[in-house]
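The values are calculated or read from the model by the stated rules, or taken from the named source; none is laboratory data. If you're wondering where the values come from, they're calculated on a predicted model, not measured in any experiment. Don't worry about glycine lacking a Cβ; one is built from the backbone with ideal geometry, like all the others, and counts go over all protein chains shown. For the accessible areas, the whole protein counts, side chains as well, though only heavy atoms, and no ligand, DNA or RNA atoms are used. Shrake-Rupley method; radii C 1.70, N 1.55, O 1.52, S 1.80 Å.
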Amino acid sequence: MNAAFGSWLLGMSSVGALGGMLGMAIAIFIVLAATTLGSALLYAISGFGFAVLAAPLFLLFLDPAPAIQLVIIISTVLSIIVLRGLLPAIAPWLLLRLALGSLVGLPLGLVAFRYADPILVRAAAGAMIFGFAILMAVSRRRSGQPGPGKHWTPFAMSPGLDLAAGAVSGIAGALAGQPGPPVLIYLLLAGAAARTVRATLLAFFALSYAVTLASHAATIGIPAPTWLAAGTLIPFAFLGGLAGRPIGDRLGAEAFAMLAIALLAVAGAYTLGAAAVAFAAA
């Protein structure tokens, strides 16, 4: 099913194969379009989550290279769409340090992307996301416990930690199309305000995905059918982004944190499961 749909969507199948798999391919495309719409909606609401939710399903039906590149292309466009209206909430110096760190980590991610085993890429992405979710859940639980030594205090942000979070994000973005979790967990653990987190993440994604996209095009290459497939999914991302932005403007800090934990935990577990299935079938 993976190969059949990937060939159909990216324009590589023969006429006979296309006819035989057309019904299934259309059904799977509807699933991916709905995934794009829903992921874009959550992305506009929270400032993160598109790649976290979309990448696992894309990886389920496509080979890693086109799947990750589709996520990167759509995320680049989506970040620009939903960023409008949040510019005053951006922390510019924080954004600059995150971006510089991402530029340092990006080449390492590109090298790993070219030579890494696809199953290991999925497993690493899933473990990273799920680990972040567990860390966030434990931190919130400890912060709500009264008594000496039990109250959790967020660590202080620093320029060095900003750069380090950006570097890890750059590696994750090039390797798995998911630069968001490292920056997200860093900002949440540092106690940043929800609106600042959302605006800074969106601005960071706009820069990070644009640079990652240009790097993929220049070093690895993005086939024309991949661009065409992205063009068919971008309208769904556009609709989700427009619908989710006003909801995100009214999202409180508590709801934001709960949404972050839920998104990361579900996506991490799903990606790990998909990698385990692929490993068992290999």
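Results, tabulated for the structure shown:
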{"item": "Length released on extending from Ala262 to Val104, taking residue separation times 0.36 nm less the Cα-Cα span", "result": "53.9 nm"}
{"item": "Ranked packing of 111-117, 45-51, most packed first, by mean Cβ within 10 Å", "result": "45-51, 111-117"}
{"item": "Mean shadow area of the range 222-282 over all directions, Cα convex hull, nm²", "result": "6.5 nm²"}
{"item": "In nm, spacing of pseudo-spin labels at Asp117 and Ile247 (7 Å Cα→C-beta vector)", "result": "3.9 nm"}
{"item": "Karplus 3J(HN,Hα) series, Hz, for the range 179-187 with 6.51 cos²θ - 1.76 cosθ + 1.60 (x for Gly, Pro)", "result": "x, x, x, x, 5, 4, 5, 5, 5"}
{"item": "Whether the range 158-256 is rounded, prolate or oblate, judged on the alpha carbon gyration tensor where a/c under 1.5 counts as rounded", "result": "oblate"}
{"item": "Accessible area of the range 168-272 divided out per residue, in Å², using a probe of 1.4 angstrom", "result": "36 Å²"}
{"item": "Translational D in µm²/s for the range 49-126 (Stokes-Einstein at 20 °C, 1.002 mPa s, Kirkwood Rh from C-alpha pairs)", "result": "149 µm²/s"}
{"item": "Extended-chain gain in nm, criterion 0.36 nm per residue less alpha-carbon gap, Ala255 and Val31", "result": "77.9 nm"}
{"item": "Trp93-Ala193 FRET efficiency (beta carbon distance; Förster radius 22 Å; 0.05 resolution)", "result": "0.90"}
{"item": "Cα-based shape type of the range 213-257, given that a ≥ b ≥ c are square roots of the gyration tensor eigenvalues and the cut on a/c is 1.5", "result": "oblate"}
{"item": "Förster radius 51 Å - calculated FRET efficiency between Ser158 and Leu228, Cβ distance, rounded to 0.05", "result": "0.70"}
{"item": "Pair Asp63, Ile134: separation of 7 Å Cα→Cβ label points (nm)", "result": "3.3 nm"}
